[in-house]
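Please treat every number below as a calculation from the coordinates, not as lab data. All values derive from a computational prediction rather than experimental measurement. Here the Cβ positions follow ideal geometry from the backbone for every residue, glycine too, while neighbour counts run over all protein chains shown.
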Amino acid sequence: MRYPKKAPSKKQHTIADIVSAILSVADTLLVIFILVMAYFFLGDYFASILVVFSLLFISLYPLIGYIFLFLYAVCLALYRLPISTIVFYRKFILEYSGVWQASIAFSFLAFLFLGIWAWNFIKTREFLRTYVVFLATSVFLACLGSFIVTILIFGIIERDNFNLMASGAKSEQLILAERSNSAMFVARTLASDPSITQALAENDHSKASNYAKQYLYNSGVDFLHIYNALGGVVASPSDTRDEGNSAADDKLVAFALKEKKQIKSFDVSAGVLSPVVVTRAVVPILVGDKLLGAVEARYVFDNAFVDFSKAQTGLDITVFTGNTRSATTIWTQDNVSRWTGSVLEEQDINQSVYEEGKSIQSLVDWLGVSYYSAFEPIRNESNKIIGIVSVGTPSDILQENTRQQLLTTFIVLTILSVIAAYIGYFMIHRLYHQKISA
């Protein structure tokens, strides 16, 4: 007596599907491994041929997909041809040429057909289809969350950088004002020194020059002048060549001598490559109501000043005289000279700061490097804008901070995705078996 063969149970079908899926994945990994090995040893062209022939009798969709991959490899080979003087030949290797665009299109079509092939395999297996949909949804949500977190992190870091630059620019303004006050303090101290007044009363310019030299070395100012009552320079320890010159036409000196009042202001002075911004303080020398002369103390905001500021803050500092760089910590691309003497070309910054007197923060491109920067105007005693002070930091620092944040986010989301995939597998597996049992 012959008995009919027993039909396979649903559980056996499920096991068979899972085994088939595992074998399919293994086969795909094997194909990928062959492709990678062929690429390393034979190159794109031969690797694509091997894969096409290996899949020739398996399925139509992967065959078409790998044909497009083969065409993609051919386009890349043409795109990477050596440079030549032949015009037609050069068209293949131009950036964003037709060959490059075709390679992008072929790669897209290749993955499209491979994706169709993969889905045709998955959709006929209910358990695998459900799990893949769940896994794809989890990955999509993880990528979406990562994208949103990236935007939020980038926005926060960018805003913090702009705030930092704005605070840095304000701090530089305070440092400039402090230097101005220091110049006034030195000038007033020297003007009230009995030794100076006695030397001027006795018309002993040599003695006055010796005293001024001691003040120059001890105070740290960049410039000291002692004038007589007519505005003539009687002592100049910072540059003896100025002695004997007249400053009667100088606006600040004339005011101090005529009005017998002290005055301080930011001003513009001649420099090596371009005019530089200075702070000046002029104080009259009086004995009672008698005018003997005046003392001027001056600080120069040159490269030494910006180097000192950068050493304290870690930020790049630039001082503009007008809209021309007169002092900066930024070096040219040859790393031989500083980027002084160049003009601030950003019209929006020129208009906002130099013309309208407003503070501004901006992302600028200087010498091929992007900087998060802030700008503040420099005004003289008449409230006229004579220059700009700027602080900045390269944006790659932001990118590095963002990269670290993204790496942390990626690790966290990857762990969560693995946990979700693990939990989802057992949940779907259980629901699937409950469905079969029912």
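Computed over the Cα atoms of the range 173-279, the ratio of the radius of gyration to the Kirkwood radius (Rg/Rh) comes to 0.95. Computed over neighbours whose Cβ is under 14 Å from that of Leu152, the net charge equals -1, Lys and Arg +1, Asp and Glu -1. Computed log10 I(q)/I(0) for the range 303-399 at 0.10, 0.17, 0.25 Å⁻¹: -0.25, -0.73, -1.49, from the Debye equation with unit scatterers placed on every C-alpha and solvent omitted. When each of Phe134, Phe266 is scored by the number of other beta-carbon atoms lying within 10 Å, the sequence from fewest to most is Phe134, Phe266. Ranking of Thr393, Thr279 by neighbouring Cβ atoms within 10 Å, starting from the fewest: Thr393, Thr279. Step through the table entries Lys264/Lys310; Lys258/Lys290; Lys358/Lys384, compare each Cα-Cα distance with 19 Å, and write down the pairs that go over it. The pairs that break the limit, which is 19 Å between Cα atoms, are Lys264/Lys310. Each of Asp267, Asp365 has some number of other Cβ atoms within 10 Å of its Cβ, and from fewest to most they run Asp365, Asp267.
Express in whole angstrom the spacing between the alpha-carbon centres of the range 337-364 and the range 268-324. The distance from the Cα centre of the range 337-364 to that of the range 268-324 comes to 21 Å. Here the scattering of the range 239-336 is modelled by Debye summation over its C-alpha atoms, one equal scatterer each and no solvent; at q = 0.20 Å⁻¹ the log10 of I(q)/I(0) is -1.02.
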